[in-house]
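Reading through the structure tokens given below for one structure.
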Amino acid sequence: MREDEYVQVLHFNSIRQEDGTVTNMSVPIVLAINDDDKAEIEKTGKVALRSPSGEVIAIMRNCEIFWHNKEERAARSFGVTDGRHPYIDEIYSGGDWLVGGDLEVFDRICYEDGLGDFSVSSP
């Protein structure tokens, strides 16, 4: 998710696609990174996204790195800023930067939750 999409989600709970259609999205899908990750991405311009088992499942290219305003994200996404909340703690302990870009997904992601027939994700 690039910064313009991120801001749309935070402020309007939706994303306006290039063709003008609007997609509801109440929580931004972002990747928080630290200063070391930021420096490496700025050198290479890409990021390998891995599954929990370590398999590369996608590559993000043409990366855009932007400031992670953690308190705004917590407040606008969840209506709470108290770090005792487990997800808010996760946001606060994340990196100070967010990265988005063009994704190349290598294979369909299956969550084994019984909802695969309803998924709209594609490789």
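Read the figures in this text as sums done on the coordinates, not as results from a lab. Given the structure is predicted, the values throughout are model-derived calculations rather than measurements. Backbone-built Cβ (ideal geometry, glycine too); neighbour counts: all protein chains shown.
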When you scan the stretch 15-30, do you find a residue that is touching a helix residue (DSSP H, G or I) at 6+ places or on another chain (Cβ under 8 Å), in contact (Cβ under 8 Å) with a residue 12 or more places away in the chain, surrounded by 13 or more Cβ atoms within 10 Å (Cβ to Cβ) and not β-branched (Val, Ile, Thr), even just one?
yes
Note on the stretch 8-40: residues among the hydrophobic types (A, V, I, L, M, F, W, C), part of a loop (DSSP other than H, G, I, E, B) and out of contact with any Leu (no Cβ under 9 Å at 6 or more places or on another chain) are 25, 27, 29
Can you tell me which residues in the stretch 92-102 are surrounded by 13 or more Cβ atoms within 10 Å (Cβ to Cβ) and in contact (Cβ under 8 Å) with a residue 24 or more places away in the chain?
94, 95, 96, 97, 98, 99, 100, 101
Go through the stretch 44-90 and give me each residue that's outside any helix (DSSP H, G or I), β-branched (Val, Ile, Thr), loosely packed, with under 15 Cβ neighbours inside 10 Å and out of contact with any helix residue (DSSP H, G or I) (no Cβ under 8 Å at 6 or more places or on another chain).
56
Kindly indicate whether any position in the stretch 99-117 is part of a helix (DSSP H, G or I) and not hydroxyl-bearing (Ser, Thr, Tyr).
yes
